[in-house]
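Okay, structure first, notes after.
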Amino acid sequence: MELRPDQLAAQAASQPLLPVYLVAGPETLQVLEAADAVRARARGEGAEREVFDGDGRDPDWDALAASFNAPGLFASRRLLEVRLPGGKPGKAGAEVISQFCADPPGDVTLLVVAGDWSKAHHGKWVDAVSRRGVVSIAWAVKPHELPGWIDRRLRERGLRATS
């Protein structure tokens with residue numbers, strides 16, 4: 001399923017977590033807020049969090065795959081977060097994510113957070129995530145949409161501003 005970042009945040013606040021989430025896009029603030037909503041829901045469900053960082057290199061895909069079926073140390077639920085600044089997991093990563101989506105463990109939620117995103121990033125692994133969970137792409141706010149976007153964000157927080 002595909003949701004806008006604000007829709008994802010609302011869903012995470014009101015519904016149990018799905019097995020997998022992909023949150024990506026060039027609009028960093030919206031990516032962070034959507035990912036934070038998933039993290040907050042996981043915390044609320046008592047999940048422990050493990051992060052696999054791909055900062056400048058690929059995450060350890062073998063360790064991630066092994067982690068899917070490992071028991072949690074301190075909690076019965078786990079949130080496994082994969083950070084992909086470039087947005088592409090490569091062949092090995094795409095295979096690991098697709099295998100997870102094919103048969104996700106009941107106690108694990110996978111959160112993939114990618115900074116860079118375009119239509120070229122779309123692949124079979126993204127389709128697998130979409131079938132089993134949520135894909136949320138935070139596209140850049142266009143200049144003509146910016147005033148309305150700012151006004152909506154202010155109103156959500158109970159603030160009003162004059163033009």
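Structure notes:
- When the trypsin sites (Lys or Arg not before Pro) in the range 123-163 are filtered for DSSP coil states and for at most 14 other beta-carbon atoms within 10 Å of their beta-carbon, the remaining sites are 157, 160.
- Estimated at 0.36 nm per residue, the fully extended path between residue 107 and residue 130 surpasses their Cα-Cα distance by 6.4 nm.
- Accessible area of the range 6-113 belonging to carbon and sulfur atoms, whole % at 1.4 Å probe: 52 percent
- Residue 62 exposes around 120 Å² of accessible area when a 1.4 Å probe is run over every protein chain in place.
- Heavy atoms of the protein chains alone define the surface here; on that basis the chain has 55 Å² accessible area per residue at 1.4 Å probe size.
- Sparsely packed loop sites in the range 24-118 (the chymotrypsin sites (Phe, Trp or Tyr not before Pro) outside DSSP H, G, I, E and B with at most 16 other Cβ atoms within 10 Å) comprise 74.
- Ordered from largest to smallest accessible area (heavy atoms of protein chains, 1.4 Å probe), the residues 28, 109, 162 come out as 162, 28, 109.
- Ellipticity estimate at 222 nm from DSSP helix runs (n ≥ 4, -39,500 (n - 2.57)) divided over the chain, nearest 500: -13000 deg cm²/dmol
- Evaluating kT/(6 pi eta Rh) at 4 °C and 1.567 mPa s, with the Kirkwood radius of the range 17-163 over Cα pairs in the Stokes-Einstein relation, gives 80 µm² s⁻¹.
- Among 48, 95, 145, the residue with the largest mean-square fluctuation in a Gaussian network model of the chain, with springs joining Cα atoms closer than 10 Å, is 145.
- Modelled FRET efficiency - R0 35 Å, residue 155 with residue 83, Cβ distances, 0.05 increments: 0.65
- The heavy atoms of residue 51 offer some 60 square angstrom of accessible surface to a 1.4 angstrom probe.
The values are calculated or read from the model by the stated rules, or taken from the named source; none is laboratory data. Everything numeric here is computed off the predicted structure, so don't read it as measured data. Cβ sites come from the backbone with ideal geometry, for glycine too, and all protein chains shown count toward neighbours. With ligands, DNA and RNA removed, areas are computed over all heavy atoms of the protein, side chains included. Shrake-Rupley method; radii C 1.70, N 1.55, O 1.52, S 1.80 Å.
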